[in-house]
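I have placed the structure first, in the form of structure tokens, so that the comments after it can refer back to it.
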Amino acid sequence: MRISIDYFQKDDVVGLAKDLLGKYIFTKIDGQLAGGIITETEAYNGVKDKASHSFGGRRTARNEMMYHAGGVAYVYLCYGMHRMMNIVTNKEDIPDAILLRAIFPTHGEELMLQRLGYNKMSSKLTNGPGKLSKALGINIIHNGIKLNSPQLWLEDHGVKFEDEQIQIGPRIGVDYAGEDALLPYRFVGKL
């Protein structure tokens, strides 16, 4: 069942990041379907989170999508090469977002291999936010797309991770955020 937009408009970005584990994400780009089970997320808690692009109320052309009502994609370029897929959450003007860090491929595996230039399936195929976006065909042009569109959507198939299957810890690559880098906002589900 497709997930409705109001699911993303809840005000608990950390809780949503954990709850997204087990949900499916799909893309249909150029008529080609790809998707998988979300297995790793990171929460970014808006203006009060030093690791967030919107910390302190920063509002730029790059992060403007974070200020939209939840249920849209926030896609940005990292290090000039990696596209990062985020899910905007909460209400309009509250810039919370969840970075998708990994999925377990379930649909379009051959297409994902082709997009990534790999020859065979591996547990590392989509185990990073840049590889995840590339495998799903997500690019900067998808910034702002609604998460119930024909090109990008999420579904709930009843996959649930039990607490003992979820590793919780600090986010990756945000050392600049000082004490906020240590917040337990990263969730990894073990299938």
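The values are calculated or read from the model by the stated rules, or taken from the named source; none is laboratory data. Everything quoted here is computed from the prediction, not taken from an experiment. A quick note on method: Cβ atoms are made from the backbone with ideal geometry, for glycine too, and the neighbour counts reach across all protein chains shown. Areas reflect the complete protein model, heavy atoms only, side chains present, ligands, DNA and RNA absent. Shrake-Rupley method; radii C 1.70, N 1.55, O 1.52, S 1.80 Å.
Observations
- Applying the criteria of a DSSP loop state and at most 10 other Cβ atoms within 10 Å to the chymotrypsin sites (Phe, Trp or Tyr not before Pro) of the range 24-101 yields 79.
- Annotation for residue 181 and residue 121: the two label points, set 7 Å from Cα along the Cα-Cβ direction, are 3.7 nm apart.
- Annotation: per residue accessible area for the range 32-146 equals 44 Å², rounded to a whole number [probe 1.4 Å, protein chains only].
- Here residue 120 is the anchor, and the aspartates and glutamates within straight C-alpha reach of less than 17 Å, apart from those fewer than 8 places off in the same chain, are 109, 110.
- Cα centroid of the range 103-154 to Cα centroid of the range 20-78, whole Å: 14
- Residue order for 121, 65, 81, 112 - accessible surface, 1.4 angstrom probe, largest first: 81, 121, 65, 112
- Accessible-area composition of the chain, carbon plus sulfur, in percent [1.4 Å probe]: 52
- Which of 132, 174, 99, positive extreme of dipole for the range 89-191 (C-beta unit charges): 132
- Lys, Arg +1 and Asp, Glu -1 on Cβ, resulting dipole of the chain about Cα centre, debye, nearest 20: 580
- Subtracting the Cα-Cα distance of residue 93 and residue 140 from their residue separation scaled by 0.36 nm leaves 14.8 nm.
- Heavy atoms of residue 120: accessible area, 1.4 Å probe, square angstrom to 10: 150
- 25 Å Cα-Cα threshold exceeded, pairs from 23/131; 91/134; 48/134; 23/50; 18/50: 91/134; 48/134; 23/50
- The length gained by stretching the chain between residue 159 and residue 110 to full extension, at 0.36 nm per residue less their Cα-Cα distance, is 15.3 nm.
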